[in-house]
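Accompanying notes for the structure given below.
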Amino acid sequence: MSNRKIQMPREVYIDPGIINDTADICKSLHLDKKILIVTGSHTYDIGAVPVIESLEKADIDCDVIKVDKASFESISEVEELITPDTTVLGIGGGKVIDVAKLSSYNQGVYFVSMPTTASHDGIVSPLASIKNPNSSTSAKAHSPIAVIADTEIIAQSPFRLLSAGCADLISNFTAIKDWKLAHRLKNAPFSESAASLSIMSAHLITDNVSNIKPNLEASARIVMKSLFSGGMAISIAGTSRPASGSEHLFSHALDKILDKPALHGEQCGIGTILMMYLHDGDWRAIKNSLKAVQAPTTASEIGIAEEDIIEALMVAHKIRPERYTILGDNGISKEAAYELAYKTGVI
């Protein structure tokens, strides 16, 4: 890998009730001049309100902006409220955190990640996924200076979101296989340490599937720690390769095809079953792990038509042609796509 800066959070808190200590954490990091809270309509009450109370008690100036989607329009709105003294707190799910991350990066100020769900690995990574009219773009940003993850709040979020986070982490298995393949066949830069950390993050889920249950703080803690280490793998690599391979290309293809895609992690989980089969790996073990955390393993479970699965498999290699995966340069045929989806039980 080339010489460059590896960004890591300075402080990380993954604890129940930690959100109430936000003011103390901001003060300890000297980030208490001016706070801009970026949150969502659904996460304002459960996440932003206790943070506002903590900051007001400490006489820390704060403003609040609600965003509904991770778009360039939302980012522009947030950027207008940022001054050189501002610290941006992203309190919410993936969309909110991506907007907070990219707007703070564009304005050269610090960002604190405060997830209220554990649905994907963007909580810590230096990349942000931003929606265009017909696609999503992975934009370079920066890692948060701190992560404050209240596992009580995360445990109370819909279990489907936690399950999707597990599926996103399980997809690391095929992402690493694709990365190694690209290294061997295309001489793509490869980091052994980032790959090892990514696989460890995935194993934290598959080795603990019996402990991941709804409304359980300990379950939220396991998933958050796994998402954190997965995000660190991306920071070390300087690319999303440790957590994004052919299974993510399949998910992004579905995003383009469908009017209403399923959750990112859910689509990636199903993609992992399919791509592990192509890699001649243990796709059944992947499927069983997904089932154990109540993640979907079939198209019908998330309301996706069979023909859309086939189309996504056929066009996935075109999503990021510079990123070599098991799908190759030319993709797979309609017949091969159907056989793949049928044999793995996805359709």
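The values are calculated or read from the model by the stated rules, or taken from the named source; none is laboratory data. As the structure is a prediction and not an experimental result, all values here were calculated from the model. Neighbour counts are summed over all protein chains in view; Cβ atoms, including those assigned to glycine, are modelled from backbone coordinates with ideal geometry.
Remarks
- Failed criterion for residue 280 (all others in (1) surrounded by fewer than 24 Cβ atoms within 10 Å (Cβ to Cβ); (2) part of a helix (DSSP H, G or I); (3) acidic (Asp, Glu) hold): (2)
- Test: residue 295 is surrounded by fewer than 18 Cβ atoms within 10 Å (Cβ to Cβ) and either in the same structural domain as residue 167 (by TED's automatic domain parsing) or more than 22 Å from the chain's Cα centre (by Cα) (or both): no
- All positions within the stretch 22-66 that are closer than 20 Å to residue 97 by Cα, in contact with a Ser or Thr (Cβ under 9 Å, 6 or more places away or on another chain) and part of a loop (DSSP other than H, G, I, E, B): 29, 31, 32, 40, 42, 43
- Checking the stretch 284-305 against the condition returns a match, with at least one residue being in contact with a helix residue (DSSP H, G or I) (Cβ under 6 Å, 6 or more places away or on another chain), part of a loop (DSSP other than H, G, I, E, B) and within 23 Å of residue 129 (Cα to Cα).
- Residue 66 without any contact (Cβ under 8 Å) to a residue 60 or more places away in the chain, surrounded by fewer than 18 Cβ atoms within 10 Å (Cβ to Cβ) and either among the polar types (S, T, N, Q) or within 19 Å of residue 123 (Cα to Cα) (or both): yes
So that you can scan it fast, the table gives a plain yes or no per residue for (1) in contact (Cβ under 8 Å) with a residue 24 or more places away in the chain; (2) in a helix (DSSP H, G or I); (3) on the phi > 0 side of the Ramachandran plot; (4) surrounded by 24 or more Cβ atoms within 10 Å (Cβ to Cβ):
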{"site": "149", "(1), (2), (3), (4)": "yes, no, no, yes"}
{"site": "164", "(1), (2), (3), (4)": "yes, yes, no, yes"}
{"site": "169", "(1), (2), (3), (4)": "yes, yes, no, yes"}
{"site": "175", "(1), (2), (3), (4)": "yes, yes, no, yes"}
{"site": "178", "(1), (2), (3), (4)": "yes, yes, no, yes"}
{"site": "184", "(1), (2), (3), (4)": "no, yes, no, no"}
{"site": "205", "(1), (2), (3), (4)": "yes, yes, no, yes"}
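- Of the residues making up the stretch 320-340, those that are under 14 Å from residue 279 (Cα atoms) and touching a residue at least 60 places away in the same chain (Cβ under 8 Å) are 324, 325, 326, 327, 340.
- Condition broken by residue 101, with the remaining ones in (1) of a type in the set (D, E, K, R); (2) assigned to a helix (DSSP H, G or I); (3) not assigned by TED's automatic domain parsing to the domain that holds residue 125 satisfied: (3)
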